[in-house]
Amino acid sequence: MTAPRVAIAGFQHETNCFGVTKAGLAEFEMADSWPAMLHGCRVIEETRGMNLPIAGFAASALAAGFDVVPILWCAAEPSAEVTDDAFETICSMILAGIEQAGPLDAVYLDLHGAMVTESLADGESELLQRVRALVGPDVPLVASLDLHANISRTMVDLADYLGIFRTYPHLDMAETGARCLLVLQRLLEGDVLHKVFRQVPYLIPLHAQFTGAPPFEALYGSLAGLAKQGVLAEISLGFTAADFPDTGPSCVIYADKAQDATEVANDLMSQFLRLETEVDHSMLSLEDAVVAAQESCSRPLVLADVQDNPGAGGTSDTTGLLEALLLGGSRGVLMGLFHDPTLAAKAHAVGTSSRFHGEIGGKSGLPGQSPVRAEFEVLALSDGSCRYSGEMYGGGIASMGKSAALKLYLYRAEVDLVVTTIRNQCLDLAQFTHFGLNPMDYNTICVKSTVHFRAAFGPIANRIFSVASPGVFLCDLNKIPYKQVQENRRI
């Protein structure tokens with residue numbers, strides 16, 4: 001029996017429509033939190049063992065005896081819209097690779113689900129449409145999506161199956177890719193899966209989407225039991241910074257019987273309606289964050305600068321929380337990661353153990369944001385190539401560019417921090433220990449991240465608070481100037 005031939009490709013971007021800079025082709029070609037653009041066999045070779053959907057799918061497919069045809073994989077750090085040039089160029093490469101692959105039994109795509117381009121509100125639907133038109137209606141087309149996907153009816157109709165992450169922090173990305181392979185095997189054996197798609201009538205801010213605690217822990221925990229009953233339930237919680245008609249949570253249910261899929265969809269929607277009042281939207285004010293940082297703890301307090309998360313399109317250079325802590329005379333504080341190529345270059349120029357005056361942050365042109373001028377001591381320097389040590393990105397390498405660990409002196413305060421040349425979300429202890437900074441030595445740790453940091457920092461934290469500090473990833477949804485989101489989606 002001939003081994004099934006499956007083409008695999010990935011094109012990921014989480015679009016913050018209120019961001020500052022757009023994602024051009026260069027941003028997809030470079031390495032940052034993720035690997036650089038990969039072509040052909042490098043897709044498998046250079047993602048092997050990583051917690052990535054395409055790695056999980058490829059490993060499972062090869063183990064099952066599939067003939068895997070890798071085309072391309074790329075991702076860009078979340079930002080404003082993907083440029084039309086980048087979208088068209090990458091789509092053309094994927095389509096050309098599929099066409100040149102010869103006869104195929106199936107196609108798998110590693111997508112995000114919240115891509116907006118300069119001209120398209122629904123980037124994933126456009127790519128799925130083009131792939132479907134190329135391979136025809138009878139070739140199974142499956143895709144993995146991020147838990148923050150904003151799913152449209154078109155996406156559901158075009159794909160035979162959409163597998164969605166079930167954890168935030170995303171610890172199950174490779175596992176989701178492997179689940180797509182299991183479903184694909186069923187499709188190739190002739191199974192027909194009935195689909196039911198439902199959209200939840202309210203939005204959920206990302207800092208409230210943590211799946212390791214109520215209310216979403218039990219909701220996602222129930223999905224494995226449904227699978228044992230023959231029903232595949234996929235839930236996304238949506239990405240609130242993508243201003244798109246279908247922004248928000250949704251459910252896609254697959255089952256052998258249409259009635260089973262409908263019943264599960266109805267039950268999940270009822271659960272979502274009951275959970276609406278349980279979602280925790282709270283954030284500490286800057287004043288309360290300073291007070292919290294002054295309390296002595298046996299383990300570090302973690303303050304999450306949730307609205308300046310580069311992993312959600314933030315600039316990673318706002319100074320609201322830093323300024324508040326400095327004015328409060330805070331000491332024993334560790335903060336990262338600041339995206340400040342100018343300051344990083346100056347630190348490299350003066351060298352380790354040197355002191356100099358400089359400016360940090362506030363350089364991206366955001367209204368109300370200006371740099372903090374202070375004295376700095378260079379604690380350590382690096383080329384920014386850092387191997388992740390945590391569960392989420394384990395096996396991968398952060399590319400932060402020329403980076404530095406600095407001690408900032410201002411007023412009577414002292415803050416240790418890490419500055420980078422390439423934007424990276426602060427979500428792994430290695431992003432500090434790489435510079436010789438031990439997070440356990442500090443009273444307070446401030447991370448520019450929304451939830452992903454919890455996988456690595458949660459186990460060492462005494463308490464964790466989200467902080468309402470300035471940034472372009474607004475978590476107070478009432479302040480977002482939406483233009484495209486459906487009017488019936490409650491905030």
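General observations
- Per residue convex hull volume, Cα atoms of the stretch 41-177, in Å³: 112
- Computed FRET value (nearest 0.05) for H281 with E487, which takes r as the C-beta separation and R₀ as 30 Å: 0.90
- Measuring between their Cα centroids, the stretch 152-173 and the stretch 109-150 lie 10 Å from each other.
- Two-site FRET efficiency, A292 against A26, from Cβ-Cβ distance with R₀ of 45 Å, rounded to 0.05: 0.65
- 0 to 90° range, to nearest 10: angle between helix 341-350 axis and the chain longest Cα axis: 50
- C-alpha center-to-center spacing [the stretch 461-481, the stretch 1-72] in angstrom: 31
- 10 Å binning of all Cα-Cα separations within the chain, expressed as whole percents from 0 upward: 4, 20, 30, 25, 14, 5, 1, 0
- Taking a sphere under 15 Å around the Cβ of P103 and counting the other residues whose Cβ falls inside, with K and R at +1 and D and E at -1, yields a net charge of -3.
- Crossing angle, helix 123-135 versus the chain [Cα axis fit, 0-90 degrees, rounded to tens]: 30
- By the count of other C-beta atoms within 10 Å, a proxy for reagent exposure, H112, H281, H13 are ordered fewest to most as H281, H112, H13.
- Taking every alpha-carbon pair under 8 Å whose residues sit at least 6 apart, the chain reaches a relative contact order of 17 percent.
- Ratio Rg/Rh, restricted to the stretch 147-239 and using Cα atoms, in which Rh is the Kirkwood radius: 0.95
- From its DSSP helices (H runs of at least four residues, each -39,500 (n - 2.57)), the chain gives a residue-normalised ellipticity at 222 nm of -8000 deg cm²/dmol.
- Computed extension length for E217-D256: 11.4 nm, one decimal, from 0.36 nm per residue of separation with the Cα-Cα distance subtracted.
- For P367, net neighbour charge (Lys/Arg +1, Asp/Glu -1) across residues whose Cβ lies under 15 Å away: 0
- Using 0.36 nm per residue and subtracting the Cα-Cα separation, the extra length available between V372 and K479 on full extension is 35.9 nm.
- The orientation-averaged shadow of the Cα convex hull for the stretch 5-278, equal to a quarter of the hull surface, comes to 13.1 nm².
- One chain, two ends: E118 and L273. Fully extended at 0.36 nm per residue, the span grows by 52.4 nm beyond their Cα-Cα distance.
- Ranked Y411, Y388, criterion: other C-beta atoms within 10 Å, fewest first: Y411, Y388
- Nearest 10 degrees, 0 to 90: helix 173-188 Cα axis against the chain principal axis: 10
- For the stretch 74-150, convex hull volume per residue from C-alpha positions, Å³: 92
- Label-to-label distance for R48 and H194 is 4.3 nm, based on points extended 7 Å past Cα in the beta-carbon direction.
- Kirkwood-based shape ratio for the stretch 286-475, expressed as Rg/Rh from alpha carbons: 0.92
- Neighbour-count order for I54, I98, fewest beta carbons within 10 angstrom listed first: I98, I54
Read-outs throughout are calculated quantities, based only on the coordinates presented, and are distinct from any laboratory measurement. Computed from a predicted structure; not experimentally measured. Here Cβ is always computed from backbone atoms with ideal geometry, including for glycine, and neighbour counts include all displayed protein chains.
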